[in-house]
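Novice: I'd like to ask some things about the structure below.
The values are calculated or read from the model by the stated rules, or taken from the named source; none is laboratory data. Just so we're clear, the structure is a prediction, and the values are computed from it rather than from any experiment. FYI the Cβ positions are ideal-geometry reconstructions off the backbone, even for glycines, and counts take in every protein chain you see.
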Number of protein chains: 2
Amino acid sequence: MTTRIAIDCMGGDHGPSVTVPAALRFLDEQAGVSLILVGQEDAIRPLLASHASNPRLSIVHASEIVGMDESPALALRNKKDSSMRVAINQVKNGDADACVSAGNTGALMAISRFVLKMLPGIERPAICAPLPTANGHTHMLDLGANVDCGPEHLLQFGIMGSSLISAMERKERPTVGILNIGEEEIKGNEVVKAAAELLRASDLNFIGNVEGDGIYKGDADVIVCDGFVGNVALKTSEGLAQMLASSLRSEFKRNWLTKLAALIAISVLNNFKNRFDHRRYNGAILLGLKGISVKSHGSADELAFCNALSRAYEAAQNRVVDRIAEHLARMATPLQVAATETV
Amino acid sequence: MTTRIAIDCMGGDHGPSVTVPAALRFLDEQAGVSLILVGQEDAIRPLLASHASNPRLSIVHASEIVGMDESPALALRNKKDSSMRVAINQVKNGDADACVSAGNTGALMAISRFVLKMLPGIERPAICAPLPTANGHTHMLDLGANVDCGPEHLLQFGIMGSSLISAMERKERPTVGILNIGEEEIKGNEVVKAAAELLRASDLNFIGNVEGDGIYKGDADVIVCDGFVGNVALKTSEGLAQMLASSLRSEFKRNWLTKLAALIAISVLNNFKNRFDHRRYNGAILLGLKGISVKSHGSADELAFCNALSRAYEAAQNRVVDRIAEHLARMATPLQVAATETV
């Protein structure tokens, strides 16, 4: 069966000039997919070239665009015909199995939540994305949707993350850790301590605390944290990686001798670069919704956006939403007790 | 005038085998310093070799050792003759201008606070350390002493950090930023928003929000955050840097061709390594106390511990505690108002 993905072609820093070529590339790569390109038809159609008549490709016109800095509340209220909203509507109406946008994160979150609604048992959506580790990769959530979380939210993140990984990676019982600090006197704040108790009492494969450095050691398949801490950890990592990469580059450009060394070392350096290329990890899933909504990095290039499409495809193929709902249903009673106890 | 530093020789993963050689090395490098080696005399004296008769070196015997995993509360209550406590006592009694320990962070914090007391106007001590940036370095606090902070604590961190940098680096008005997240919908949690208001209303050179990646871009001279977030950011950075370094190493070791490339690129790789060598950044100051207490990384080697001694020396030389106290006195009225308003 074909998996149908709706693409917000107008979102992101580059709009259709990146999203459309990425879509066409993904269409060529993946025979089992059909794509709905959502946005201003005038901007999209000229970019289709020979694909214009591809039966797996359709355009749905949307007249408006959500700005990257626009208030999510205003975008939700006023832009009913934005490419972002219309793409999400495709999922809601059953015309698509997933949608992808590189647009304004807050707006994507607000509109996805309003249009698709939350799964029963989940109070807040969470942003979940993979990060590279020494031995593969891990998934972390929340990466910025919720700045203040209660213990029960962190438990819900654990359930969603675990279901996601067991669906996407066929792992029976993915390990789940909670991001914490290891200073001797103080093992975490009150919320984290209470959340750890809930996670320990749940049916998840909970392994306890993961410290900041444990993220990259691959200590757990899934790491839960509140959106403030998760976002700081993610952006700190991005900043450090950028600084190190640019410093390494400039060391190799220093003089003709170092440039020669770079030429000789180029295959090593390229292997290294490819292994940690952040474009490979593009595509964060908004979990907790009754549908699949994937957020691409705003600055994504063709390759990165293609990877976000691939994430959406795999999430749909593996019935991620159903898997989370099933897990929640299984846990329904203890979860409600837990939530009541900690309020 | 000689600056006197008391060293907890028994602390850290390696104890005297690292702390004593590091002390001797620092003694040779720095003519203006005298060192008090605190710990078990039997363990220290054999390591002194030709330095045994150096008039700038003395030993103060302490019979107990605080374990790396010992409860800080128990260490504080029961180990009155620990090398850590006796080293801190040297500062309290005026026999030393600063103390340095690579021991148990929680215990060092608790004992320093109990023995040295807090400066008036400061409610909580903070751990402050430098981090490398694209254009130099920045200082971040708190890195793990306080897991739950109110807005007024973050303001106090800003005052302490700013005073530290203006004293240590002769900067008139260091820039101060607050660590925050940049997702569009939600610009930080309530504590961070309230703290930003207090910082904006203060006499500090406050530049507003710094995102995770801004740490390494060098957005601000001083970055304040609560100890949970700060510790996660620090350890996440350590973990990522370690993973990247070990991956780069193994790429270069893959076969004889890549090993040859490594040989040719060795000076470039060494320059790169030295620039970001974490040992260069060893030595976190516990700020807010009526005395200088410096925490070295537990796993510090000789070079790293030497750098921690150097930080203590510079902090003492530059009268960091007086500078913070002066700043607090200047701000006394607005600070009290602010603290009352936000309680």
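Novice: Given the criterion β-branched (Val, Ile, Thr), touching a Ser or Thr at 6+ places or on another chain (Cβ under 8 Å) and either closer than 20 Å to A:Glu123 by Cα or more than 9 Å from every other protein chain (Cβ to nearest Cβ) (or both), identify the matching residue among A:Ile159, A:Ile165.
Specialist: Numbers: A:Ile165 fails: touching a Ser or Thr at 6+ places or on another chain (Cβ under 8 Å).
When all the criteria are applied, what remains is A:Ile159.
Novice: Which of the numbered conditions does A:Cys9 fail, given that it passes all the others? Conditions: (1) within 30 Å of B:Lys187 (Cα to Cα); (2) surrounded by fewer than 23 Cβ atoms within 10 Å (Cβ to Cβ); (3) of a type in the set (A, V, I, L, M, F, W, C).
Specialist: Among (1) within 30 Å of B:Lys187 (Cα to Cα); (2) surrounded by fewer than 23 Cβ atoms within 10 Å (Cβ to Cβ); (3) of a type in the set (A, V, I, L, M, F, W, C), A:Cys9 violates only (2).
Residue-wise test of (1) facing chain B (nearest Cβ under 10 Å); (2) within 24 Å of the chain's Cα centre (by Cα); (3) surrounded by fewer than 16 Cβ atoms within 10 Å (Cβ to Cβ).
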| residue | (1), (2), (3) |
| --- | --- |
| A:Gly208 | no, yes, yes |
| A:Val224 | no, yes, no |
| A:Phe228 | yes, yes, no |
| A:Asn231 | yes, yes, no |
| A:Glu238 | yes, yes, no |
| A:Trp256 | no, no, yes |
| A:Phe276 | yes, yes, no |
| A:Lys290 | no, yes, no |
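Residue-by-condition table, conditions (1) modelled with pLDDT under 95; (2) part of a loop (DSSP other than H, G, I, E, B); (3) not basic (Lys, Arg):
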residue: B:Cys149; (1), (2), (3): yes, yes, yes
residue: B:His153; (1), (2), (3): no, no, yes
residue: B:Val176; (1), (2), (3): no, no, yes
residue: B:Ala196; (1), (2), (3): yes, no, yes
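Novice: Within segment A:61-68, is there a residue that is without any contact (Cβ under 8 Å) to a residue 40 or more places away in the chain, outside the structural domain of A:Leu328 (by TED's automatic domain parsing), among the hydroxyl-bearing types (Ser, Thr, Tyr) and farther than 26 Å from A:Met160 by Cβ?
Specialist: Yes, some residue in segment A:61-68 is without any contact (Cβ under 8 Å) to a residue 40 or more places away in the chain, outside the structural domain of A:Leu328 (by TED's automatic domain parsing), among the hydroxyl-bearing types (Ser, Thr, Tyr) and farther than 26 Å from A:Met160 by Cβ.
Novice: Same structure, new question: So how many residues does segment A:22-42 have that are crowded, with 17+ Cβ neighbours inside 10 Å and in a helix (DSSP H, G or I)? I'd like the intermediate steps shown before the answer.
Specialist: So the first thing to find is which residues in segment A:22-42 are crowded, with 17+ Cβ neighbours inside 10 Å, and the list is A:22-24, A:26-27, A:30, A:33-40.
Narrowing further to those that are in a helix (DSSP H, G or I): A:22-24, A:26-27.
Counting residues in segment A:22-42 that are crowded, with 17+ Cβ neighbours inside 10 Å and in a helix (DSSP H, G or I) gives 5.
Novice: Among B:Ile122, B:Ile127, B:Ile165, which is touching a residue at least 40 places away in the same chain (Cβ under 8 Å), over 20 Å from B:Ser296 (Cα atoms) and not hydroxyl-bearing (Ser, Thr, Tyr)?
Specialist: Details: B:Ile127 fails: over 20 Å from B:Ser296 (Cα atoms); B:Ile165 fails: over 20 Å from B:Ser296 (Cα atoms).
Sole residue among the options that is touching a residue at least 40 places away in the same chain (Cβ under 8 Å), over 20 Å from B:Ser296 (Cα atoms) and not hydroxyl-bearing (Ser, Thr, Tyr): B:Ile122.
Novice: Testing B:Ala102 on (1) in the same structural domain as B:Tyr216 (by TED's automatic domain parsing); (2) buried (at least 24 other Cβ atoms within 10 Å of the Cβ); (3) in contact with a Phe, Trp or Tyr (Cβ under 7 Å, 6 or more places away or on another chain), one condition comes back false. Which one is that?
Specialist: The single condition B:Ala102 does not satisfy is (1).
Novice: Now a separate question. Test B:Asp42 against the criterion of being away from chain A (no Cβ under 14 Å), of a type in the set (Asp, Glu) and farther than 25 Å from B:Arg311 by Cβ, and give yes or no.
Specialist: Values: away from chain A (no Cβ under 14 Å): yes; of a type in the set (Asp, Glu): yes; farther than 25 Å from B:Arg311 by Cβ: yes.
So B:Asp42 fits the description; yes.
Let's see how each residue does on (1) within 21 Å of A:Asn282 (Cα to Cα); (2) over 20 Å from the mean Cα position of the chain (by Cα); (3) surrounded by 15 or more Cβ atoms within 10 Å (Cβ to Cβ):
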position: A:Pro16; (1), (2), (3): yes, yes, yes
position: A:Leu48; (1), (2), (3): no, yes, yes
position: A:His51; (1), (2), (3): no, yes, yes
position: A:Asn54; (1), (2), (3): no, yes, no
position: A:Leu57; (1), (2), (3): no, yes, yes
position: A:Val60; (1), (2), (3): no, yes, yes
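Novice: With the checklist (1) surrounded by fewer than 24 Cβ atoms within 10 Å (Cβ to Cβ); (2) touching an Asp or Glu at 6+ places or on another chain (Cβ under 9 Å); (3) among the hydrophobic types (A, V, I, L, M, F, W, C) in hand, flag the one item B:Phe114 doesn't pass.
Specialist: (2)
Novice: Hey, A:Leu303 hits all of (1) in a helix (DSSP H, G or I); (2) surrounded by fewer than 21 Cβ atoms within 10 Å (Cβ to Cβ); (3) under 23 Å from the mean Cα position of the chain (by Cα); (4) within 14 Å of another protein chain (Cβ to nearest Cβ) but one; which does it fall short on?
Specialist: Evaluating A:Leu303 over (1) in a helix (DSSP H, G or I); (2) surrounded by fewer than 21 Cβ atoms within 10 Å (Cβ to Cβ); (3) under 23 Å from the mean Cα position of the chain (by Cα); (4) within 14 Å of another protein chain (Cβ to nearest Cβ) leaves (4) as the failure.
Novice: Test each condition in (1) assigned to a helix (DSSP H, G or I); (2) over 19 Å from A:Gly150 (Cα atoms); (3) more than 7 Å from every other protein chain (Cβ to nearest Cβ) for A:Val191 and report the one that comes out false.
Specialist: (2)
Novice: Okay, next question. Does A:Tyr216 qualify as being within 14 Å of chain B (Cβ to nearest Cβ), within 19 Å of B:Gly212 (Cβ to Cβ) and crowded, with 23+ Cβ neighbours inside 10 Å?
Specialist: Yes: the conditions hold for A:Tyr216.
Novice: Let me ask something else. Within segment B:240-254, work out how many residues are over 32 Å from the mean Cα position of the chain (by Cα) and either within 17 Å of B:Arg279 (Cα to Cα) or of a type in the set (Lys, Arg) (or both). Give the steps one after another, and end with the answer.
Specialist: Of all residues in segment B:240-254, those over 32 Å from the mean Cα position of the chain (by Cα) come to B:251-254.
In the following step, the residues that additionally are either within 17 Å of B:Arg279 (Cα to Cα) or of a type in the set (Lys, Arg) (or both) were identified as B:253-254.
Summing the residues that are over 32 Å from the mean Cα position of the chain (by Cα) and either within 17 Å of B:Arg279 (Cα to Cα) or of a type in the set (Lys, Arg) (or both) in segment B:240-254 gives 2.
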